[in-house]
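Written below as structure tokens is the structure these notes are about.
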Amino acid sequence: MYAAQMFTKLMTRLGHETYYVQGGDWGAIIASDMATLFPQRILGVHLNMLGVPTASFYYLSRVAVGYVFPSLIFDSSDLWKVYPVFDRLALLWEEMGYAHLHSTKPDTLGVGLTNDPAGLAAWILEKFSTWTSFSKLDEQKGNMQALTAKFTLDELLTNVMIYWVTETITPSMRFYKEYWRSQAEQDIVRYYGVVVPSGYAAFPEDIMVCPRNLARHRYTNLVHYTDMPRGGHFAAFEEPQLFAEDVIKFVKAVESLSASTREEL
């Protein structure tokens, strides 16, 4: 929530009163918060990560009913995004250990990573080797070819060096702790929907791919949903052309809707 307020203040200082926002990972959370808190300023929000609280009654009830009667809950093309549900949950359990450490012991972990460049590189680059292709997760782990399948070593080193030379890995991890300990943040997700025009690019190799009907629960004005042909968690980095084309397509769709509304008035 506080990050959303800061970015909104930044846009005001830059002279922009209304604008589109786009985000993935933490950017998706911040962009969604901006759209929730300042809907009058956000023309549209485009996301390439769309998380649904897996512990919520809404999610669990629909997954449970869909387990028995899938066609009642999900489109047939979306079933793979949820089932087999235990495999999906096991994947989250296996891959989110880092987030638990970030959320509980960021300063302890930060001491080691701030003082050891090899450790910092290992901590960051492990995600680039596995989060680009979850369908081949076992093959990706510790595989240098997997690491460079989508990125050059120079690109990866640049990413690591941003944290190393600025000594910002610790505050970047504190972000997790501050978010999960904020009751205001949890209330925003639990009680408030996103009403501005929303779009979602569903990259098939991301850690979680949200089906249409679950997406519409929070993003009540979902005007754009694309099943992307390839790509994982780092969408803009992995598939910049596909990513950019979908953002442009979303903006055009929203502008077209806005023009139609003005004509009706």
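The values are calculated or read from the model by the stated rules, or taken from the named source; none is laboratory data. This one's a predicted model, so the numbers in the text were calculated from it and none came from an experiment. For neighbour counting, all protein chains shown are included, and Cβ atoms are generated from backbone atoms with ideal geometry for every residue, glycine included. Note: accessible area is taken over every heavy atom of the protein model, side chains too, but ligands, DNA and RNA are not part of it. Shrake-Rupley method; radii C 1.70, N 1.55, O 1.52, S 1.80 Å.
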Residue in segment 236-256 that is surrounded by 14 or more Cβ atoms within 10 Å (Cβ to Cβ), touching an Asp or Glu at 6+ places or on another chain (Cβ under 8 Å) and under 22 Å from K136 (Cβ atoms) present:
yes
What are the residues in segment 220-235 that are within 21 Å of I188 (Cα to Cα) and open to solvent by 40 Å² or more (accessible area, probe 1.4 Å), if any?
T220, N221
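Residue by residue, here is whether (1) over 23 Å from H224 (Cα atoms); (2) of a type in the set (D, E, K, R) holds:
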position	(1), (2)
H16	yes, no
V21	no, no
S32	no, no
T36	no, no
N48	no, no
D75	no, yes
R88	yes, yes
L91	yes, no
Return the only residue of L113, L101, L156, L91 being within 20 Å of P240 (Cα to Cα) and in a helix (DSSP H, G or I).
L156
Among the numbered conditions (1) within 22 Å of L147 (Cβ to Cβ); (2) modelled with pLDDT under 95, tell me where P240 comes up short.
(2)
Look through segment 162-219, keep the residues that are among the polar types (S, T, N, Q) and at pLDDT 95 or above, and return whichever of them is most open to solvent (accessible area, probe 1.4 Å).
T166
It is to be established whether one or more residues within segment 130-148 are β-branched (V, I, T), more than 21 Å from E205 (Cβ to Cβ) and open to solvent by 40 Å² or more (accessible area, probe 1.4 Å).
no
Between a residue in segment 98-121 that is at negative phi and any residue that is open to solvent by 70 Å² or more (accessible area, probe 1.4 Å) and of a type in the set (A, V, I, L, M, F, W, C), which pairs come within a Cβ distance under 7 Å, given they are 6 or more apart or on different chains?
S103/W180; L109/L101; L113/W123; P117/W164; L120/W164
